[in-house]
Amino acid sequence: MVGGLTQQQANQFCMQRKQGASLVTVNSPGENDQLFEWALRTYVEPPAMWIGLFVNTSKQWEWYSGESLDYTNWGETTPSSESGTGALLFDADQLLWEQLGAVNESPRWVPEQVLGESHYFICEYKLQMQIPAPEAPAAAAEQPNE
């Protein structure tokens, strides 16, 4: 995880680091909970983090990875499909932290304008298993008959 990039810049960063990488795609409540719990364990004050969900030019929500959008975890209402919008894993309310000594965190996703907003982010890539082909047996040398 690295911080301080717009969602598009963050996805480009991921792609440059590893072939086939993109911002993280969240496919289930279990994955969402793991990412949220990791952020809470890793940071005293967890920052908002980009995930790979954005509104495409057709005004549809889409994952940068190209995977199908079978799971969402929005707050109380699904956000509008306005161009230039992306999704944050969660957004910690800094003011509440300072006033009450606690962060109002939720594992629910938060819509955010992509252009100009810089946040931390999480990259992912699929492990590619390469199994080497079995080697052909060496040809046996023929012994001449005596």
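The values are calculated or read from the model by the stated rules, or taken from the named source; none is laboratory data. These figures come from a predicted structure and were not determined experimentally. All Cβ positions, glycine included, derive from the backbone under ideal geometry; neighbour counts span all protein chains shown. Note: accessible area is taken over every heavy atom of the protein model, side chains too, but ligands, DNA and RNA are not part of it. Shrake-Rupley method; radii C 1.70, N 1.55, O 1.52, S 1.80 Å.
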List every residue pair whose Cβ atoms lie under 7 Å apart, where the two residues are 6 or more positions apart in sequence or sit on different chains, the first residue falls within the stretch 59-77 and is small (Gly, Ala, Ser), and the second residue, located anywhere, is open to solvent by less than 40 Å² (accessible area, probe 1.4 Å). SER65/SER22; SER65/THR25; SER65/GLY52
What do you reckon, is TYR43 of a type outside the set (Gly, Ala, Ser) and free of Cβ contacts under 8 Å to residues at least 24 places away in the same chain? yes
Kindly provide the set of residues from the stretch 78-101 that are in a loop (DSSP other than H, G, I, E, B), at negative phi and modelled with pLDDT under 75, ordered by number. ASP91, ALA92, ASP93
Do we have any residue at all in the stretch 50-70 that's acidic (Asp, Glu), open to solvent by 80 Å² or more (accessible area, probe 1.4 Å) and at pLDDT 90 or above? yes
Among the residues of the stretch 41-49, are any modelled with pLDDT of 90 or more and either over 12 Å from the mean Cα position of the chain (by Cα) or within 18 Å of LYS126 (Cβ to Cβ) (or both)? no
For the stretch 22-37, state whether one or more residues are open to solvent by less than 60 Å² (accessible area, probe 1.4 Å), touching a residue at least 40 places away in the same chain (Cβ under 8 Å), touching a Leu at 6+ places or on another chain (Cβ under 7 Å) and outside any loop (DSSP other than H, G, I, E, B). yes
